[in-house]
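*Asks:* Quick one: structure below, then a few questions.
The values are calculated or read from the model by the stated rules, or taken from the named source; none is laboratory data. Remember, it's a predicted structure, so these values are computed and weren't measured experimentally. Ideal geometry is used to build each Cβ from the backbone, glycine not excepted, and the neighbour counts take in all protein chains shown. For the accessible areas, the whole protein counts, side chains as well, though only heavy atoms, and no ligand, DNA or RNA atoms are used. Shrake-Rupley method; radii C 1.70, N 1.55, O 1.52, S 1.80 Å.
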Amino acid sequence: MNSIIQLNYYNGIQPQRLRNVPIIYPSIFWIQQGEKQLQWQNDWISFNSKNWLLSHGNASLTFINNPNQSQFFSTQLSFLIRPSDALIERSLENQQVDQTPEYIIDGTAKYLWQSIITMPKDIKPNVQQHIVNALFEHFANSGQLHQLFTVRNLSWRDKLTQYFNEDPKANHSIESVCEHFGLSKSTLIRRLKEENTQFREVLAQLRMGYALSLLQNKPYSQIELAHLCGYKSELRFAQRFQHQFGLTLKQYQKTFEYH
């Protein structure tokens, strides 16, 4: 099932104020407990158990996760496949004016979500894809699918992100990546510059997102987490974490209750 979707779970017992959180793949966030307040343009949007947050891949979100006198818990459903351009175009035709990334959960969407996340692992990939495509069809009909996907080819940022995601801790050098994609170093640098980004920035973003997902399961020490995310320097990892998210690793870990 890893070739079709990816599931991540997030929790907390204290408010979590996070900025610039990288979203690697097109994703739906369902907050089962508590509330997520998302900074959207010049306003804030609240998400709870009744509405989903839809996000493009390679997005950067700033939000606050609030337990609201209980525990915060959310599920991130990420899509590793994309719908046809025809479906995305149909969604654009059905879109609403002044659209936000909010989707009010209806019975059909809830049923399809449950069907996707409970798919047995022994189901063939092409059958899994049909199940996921059913949700894509539903979003296209409601004018929401383009909130997840755009009609365009993968950018070089997208391609690098997907490549790094296979092994975030690996010693990824620009030379090895160029060899993998069959490009010269100057060509890759130029193409990334056209997308207003750099090789090291794409890699660091991916690793920071990976660090957040690792922290959901175990109270890693700073040096353990640095090594798991491909950093040889614990200090550089700590500095990047704080610069990226606006709080230290210890401050973030205090918002958890590990079991």
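*Asks:* Report, by residue number, each residue of region 206-215 that is more than 23 Å from R157 (Cβ to Cβ) and either open to solvent by 20 Å² or more (accessible area, probe 1.4 Å) or at pLDDT 95 or above (or both).
*Replies:* Residues of region 206-215 that are more than 23 Å from R157 (Cβ to Cβ), as a first pass: 215.
Hits for region 206-215: nothing passes.
*Asks:* Right, next: If I ask for residues that are in contact (Cβ under 8 Å) with a residue 12 or more places away in the chain and either more than 13 Å from L215 (Cα to Cα) or among the acidic types (D, E) (or both), which ones from region 232-252 would you list?
*Replies:* E234, F237, A238, R240, Q244, F245, G246, L247
*Asks:* If the requirement is being in a helix (DSSP H, G or I), open to solvent by less than 10 Å² (accessible area, probe 1.4 Å) and touching a residue at least 40 places away in the same chain (Cβ under 8 Å), which of these qualifies: S91, S74, S78?
*Replies:* Numbers: S74 fails: in a helix (DSSP H, G or I); S78 fails: in a helix (DSSP H, G or I).
Criteria check complete, one pass: S91.
*Asks:* Now, a different point. Would you call N171 polar (S, T, N, Q) and within 23 Å of D106 (Cα to Cα)?
*Replies:* Considered against the rule, which asks whether it is polar (S, T, N, Q) and within 23 Å of D106 (Cα to Cα), N171 comes out as no.
*Asks:* Looking at region 119-137, which of its residues are over 20 Å from the mean Cα position of the chain (by Cα) and under 22 Å from N48 (Cα atoms)? Step through it out loud before you land on a result.
*Replies:* Just the residues of region 119-137 that are over 20 Å from the mean Cα position of the chain (by Cα), to begin with: 119-128, 130-131, 134, 137.
Hits for region 119-137: nothing passes.
*Asks:* Report yes if some residue within region 42-51 is out of contact with any Leu (no Cβ under 8 Å at 6 or more places or on another chain), touching a residue at least 24 places away in the same chain (Cβ under 8 Å) and part of a strand (DSSP E or B); otherwise report no.
*Replies:* yes
*Asks:* Of the conditions (1) part of a loop (DSSP other than H, G, I, E, B); (2) of a type in the set (F, W, Y); (3) without any contact (Cβ under 8 Å) to a residue 40 or more places away in the chain, Y25 fails just one. Which one is it?
*Replies:* Among (1) part of a loop (DSSP other than H, G, I, E, B); (2) of a type in the set (F, W, Y); (3) without any contact (Cβ under 8 Å) to a residue 40 or more places away in the chain, Y25 violates only (3).
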